[in-house]
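Written out below as structure tokens is the structure these notes cover.
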Amino acid sequence: MKKLPKVPVVIVGMGWAGGIIASELTKAGVEVVGLERGKDRQTKDYMMGHDELRYQHRAELMQDLSKETITHRNNEKMKALPMRSYGTFIVGDGVGGAGSHWNGQTYRFLPYDFEIKSLTEKKYGKNKIKPEYLLQDWGLTYDEMEPYYDTFEKMAGISGETVELYGKRSNPYPTGPMLKTPVLEEFEEATKNLGYSPYMIPSANLSEAYENPDGIKRSACQYCAYCENFGCEYGAKSDPVVTVIPVAKQTGNLDLRTHSNVIRVLNDGKKATGVVYADTITGEEFEQPADIVVLTSYVFNNVRLLLNSKIGTPYNPKTGKGTIGKNYAYQVSAGESTLFFDDKEYNLYGGAGALGIEIPDYTGDNFDHKDLNFLHGAGIRTTQYGDRPIANNPIPSGTPSWGADFKKQSIKYANSTFKVKSQGASLPHKDNYLDLDPTYKDEYGMPLLRMTYDYTEQDKELVKYMSKITKKIAEEIGADHIETQEEQAPFNVNKDTNTHNTGGVIMGADPETSAVNTYLQMWDADNVFVIGASAFPHNSCFNPTGTLGALSYRASEGILKYIDKPGSLV
Amino acid sequence: MADKRKDTNEVVDSTKRRFIKNSGLTVGGLVLGGALGGLVSVNTGSKTNSEEVTGTPKADSNPNAALMFFTPDQHQITEAAAERIYPEDDLGPGAKDLDVAIYIDHQLASPWGGNDKAYMSGPFHKPEPTQGPQIKVLRKNLFLLGIKGLNDYSNKHYDSEFIELEGDDQDDILKEFESGKVNLHPGVTSDHFFTMLRTLTIEGAYADPMYGGNKDMQGWKMRKFPGSYMSLTEEIQKDSFVELEPQSLKDHMGH
């Protein structure tokens, strides 16, 4: 294996986290190597981007599952089997990572999230949190996070409006909210009638032209309907490729190597010494020594690389000891109500990934949980992403899924259906975790990540409750026919559609219960930083990227401190 | 950008048959054209598209409408089965006239048909319902097993080729296949094939026409989907429905 010259910092994965770290470090004069397993990307690649089949259904921008996937089982009694083709999680690949194919909904988590254990116990007593739910505080408060959120939002140009019920903001959103369409106005009117406080979803699809503090100028969203699963041909959707990565490149301090798949982190048991990566075109392997190793791949590979490299202690669900793989969490998306209109057509073929309206009233602890058998909550919302025709064939229940009736009904309602949706928090449970699969391997012979996960009682109760709210709002809007999904079915790796995976390398104030400190520096190897939604001790009801971005800025501050003065930062 | 947006198109649509008027494909309610129509008519050698057809069936000049994977027999069974999934009706053409079977042919011939980006390492265990399919058979082979299965079943139970059956009988067979009751091969049940047939049919009706289906964008026209527009900022704000002439990706070539 060819050993390359040692570098100060090596970054593994060039999505949002890797891009932000690269940008902040290179601006400070630090030379970094960025390793990305996929290809390079640019805006003009997407002139043929409005291709639903290629980008959405053939997963053009996603990880090639023939090389690597995850295995899943709902519980320890089952044998975990590989996700052989895309059903649920769509894992990004290439420069920009998931930051290229995301929808762009960019929230902050709530003050409640960061101190969830303390605040819940303070308000509802010590017994409110059942012992099997591993809720813990994040080790820092919302007020400490606020400046990093502000920095991320300014860099990305997030469009939105201030919400009274959420954490205090030092500044308004850098750009105003997205346009309101008739369906969003219907949601707005109905929720106001019911006494709620609707607001436009904060969006990384720019509502107006914007120049960020790095001098990057971008144009406004055209509502063309191709965000989720797609790259933006305008650069209107904030993406590392049009924000932080060009800034890092311009410094001359970023050595970005694409088609470079990191297989393991080299270490002496106390510190990392570098990484081994393979050129994905030739298969040749390289050793890249480094003073600091920064893992910024997706949740799954952050966890898998640590386990395969034997860094940190794997979580053991029987004893509760160990931290790597602990507190894996997802979200619950059941509970929605669908409105069918017989005589109204909306221009639903247009839209944007973060075009939507939501009420804050049932998020976090913004409503009383004293008599409820679940904690946290959900964002209740109507969105208008653009109803592409392969993916959207709404039919009232009871309609066959093929044949004459299917065709008739799916065409009848193609422009005459929208939803009041619920995106709920999923709280960590002792039996939900990530570890290495004993059987299945990747193309390099390394074990795949095994996910043991199912929705918990808490999740199911939350969905039941939220389904009543979505139904109430749908009825207030009024439609010819309303259907409500009242129950959360078991987790299905082939069907559920959400890529908001969190946990596995969680942050905290205590090395016994967390893997990284609040700078995302590993307790067990102080020159390893593990950045991403893998650091979330639980998943909130909001989309994760805003918090992931804020944490990346905090981590970059930590890494710069560490370069000045090595050792534990806390 | 090649926006074909015209003020005249900005109308609140109340006619479900609008696409037919627009496409000019009917004479006395009979829908003409389609792959077979193209095969039997004379190739005029001139440039044709749906807007120019005025009542006389013209040759299908699209060189893409040919088989790269199926045998002619396999194509016919696929065409007949897909038509039952997405039939012709008063709204417009079905799978057959949308060239869905051509689309399916091209997909199965593509790397996707050979499971190029699917995880194919063993062992292949029987999954729980929550775990997603665990099938070792490649998509292209599963599909061939499926259409052979349809024809075998038809011959066995109806003493007829599948393509010769009445629609109702074809539907009954497809329902049997959907339920997974038919074994296509040791360890391969018919539901996996049926799911693929259904998905591919929907895709073939609505994917960009460059893939071989959605002939003349008629799949999009039926549901008033505009295909690929570079900006829809104005339209999404309108209270009334704005019907746009669809554009395919070809309209963006050369920009």
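In segment A:495-544, of all residues being closer than 25 Å to A:Gly87 by Cα and part of a strand (DSSP E or B), the one that is farthest from the chain's Cα centre (by Cα) corresponds to A:Gly504. The numbered conditions (1) touching a Gly at 6+ places or on another chain (Cβ under 9 Å); (2) within 7 Å of another protein chain (Cβ to nearest Cβ) are all true for B:Lys224 except (1). Restrict the check to segment A:256-266 and report whether at least one residue is surrounded by fewer than 23 Cβ atoms within 10 Å (Cβ to Cβ), out of contact with any Cys (no Cβ under 7 Å at 6 or more places or on another chain) and under 30 Å from B:Phe225 (Cα atoms). Scanning segment A:256-266, I find no residue that is surrounded by fewer than 23 Cβ atoms within 10 Å (Cβ to Cβ), out of contact with any Cys (no Cβ under 7 Å at 6 or more places or on another chain) and under 30 Å from B:Phe225 (Cα atoms), so the answer is no. For A:Asn205, are the conditions met, namely being farther than 25 Å from A:Asn543 by Cα and either touching a strand residue (DSSP E or B) at 6+ places or on another chain (Cβ under 7 Å) or at pLDDT below 95 (or both)? When the stated conditions are applied, A:Asn205 does not pass them. Scanning segment A:113-152 for residues that are closer than 20 Å to A:Ala550 by Cβ, surrounded by fewer than 17 Cβ atoms within 10 Å (Cβ to Cβ) and acidic (Asp, Glu) yields A:Asp143, A:Glu144. Every test in (1) in contact with a Gly (Cβ under 7 Å, 6 or more places away or on another chain); (2) within 30 Å of A:Lys249 (Cα to Cα) is passed by A:Gln136 save one, and that test is (2).
A residue that is over 30 Å from A:Arg73 (Cβ atoms), more than 9 Å from chain A (Cβ to nearest Cβ), crowded, with 19+ Cβ neighbours inside 10 Å and in contact (Cβ under 8 Å) with a residue 12 or more places away in the chain occurs nowhere in segment B:109-124.
Would you confirm, using the coordinates I've provided, whether B:Met196 is assigned to a helix (DSSP H, G or I) and at positive phi? Quick ask: steps written out before the conclusion?
On the way: assigned to a helix (DSSP H, G or I): yes; at positive phi: no.
It is false that B:Met196 is assigned to a helix (DSSP H, G or I) and at positive phi.
Taking segment A:142-197 as the range and being within 21 Å of A:Asp365 (Cα to Cα) and either in contact with a strand residue (DSSP E or B) (Cβ under 7 Å, 6 or more places away or on another chain) or part of a helix (DSSP H, G or I) (or both) as the test, the residues that pass are A:Tyr142, A:Asp143, A:Glu144, A:Met145, A:Glu146, A:Tyr149, A:Glu161, A:Val163, A:Thr191, A:Lys192, A:Tyr196, A:Ser197.
Does at least one position in segment B:178-189 carry a residue that is modelled with pLDDT of 95 or more and within 7 Å of chain A (Cβ to nearest Cβ)? No, the conditions are met nowhere in segment B:178-189. For segment A:233-255, the set of residues classified as surrounded by 20 or more Cβ atoms within 10 Å (Cβ to Cβ) and outside any loop (DSSP other than H, G, I, E, B) consists of A:Lys237, A:Pro240, A:Val241, A:Val242, A:Val244, A:Ile245, A:Val247, A:Ala248, A:Leu254, listed by residue number. When B:Arg139 is tested against (1) within 15 Å of A:Pro389 (Cβ to Cβ); (2) facing chain A (nearest Cβ under 10 Å), just one condition goes unmet, and that condition is (1).
How many of the residues making up segment A:396-423 are more than 13 Å from chain B (Cβ to nearest Cβ) and without any contact (Cβ under 8 Å) to a residue 12 or more places away in the chain? Can you show your working first?
Taking segment A:396-423 as the starting set, the residues that turn out to be more than 13 Å from chain B (Cβ to nearest Cβ) are A:396-399, A:419-423.
Now drop any that are not without any contact (Cβ under 8 Å) to a residue 12 or more places away in the chain, which leaves A:398-399.
Going through segment A:396-423 one residue at a time, the tally reaches 2.
Picking from residues in segment A:360-395 that are crowded, with 20+ Cβ neighbours inside 10 Å, more than 14 Å from chain B (Cβ to nearest Cβ) and in contact with an Asp or Glu (Cβ under 7 Å, 6 or more places away or on another chain), the one that is farthest from A:Gln423 (Cα to Cα) is A:Phe374.
Under the condition of being under 19 Å from B:Lys250 (Cα atoms), touching a residue at least 24 places away in the same chain (Cβ under 8 Å) and within 7 Å of another protein chain (Cβ to nearest Cβ), the residues counted in segment A:48-83 number 3. Residues considered: A:Phe230, A:Phe300, A:Phe286. Of these, the only one that is of a type in the set (A, V, I, L, M, F, W, C), surrounded by fewer than 24 Cβ atoms within 10 Å (Cβ to Cβ) and within 21 Å of the chain's Cα centre (by Cα) is A:Phe300.
The values are calculated or read from the model by the stated rules, or taken from the named source; none is laboratory data. Keep in mind it's a predicted model, so treat the numbers as computed, not measured. Glycine gets a Cβ as well: all are built from the backbone with ideal geometry, and neighbour counts include every protein chain shown.
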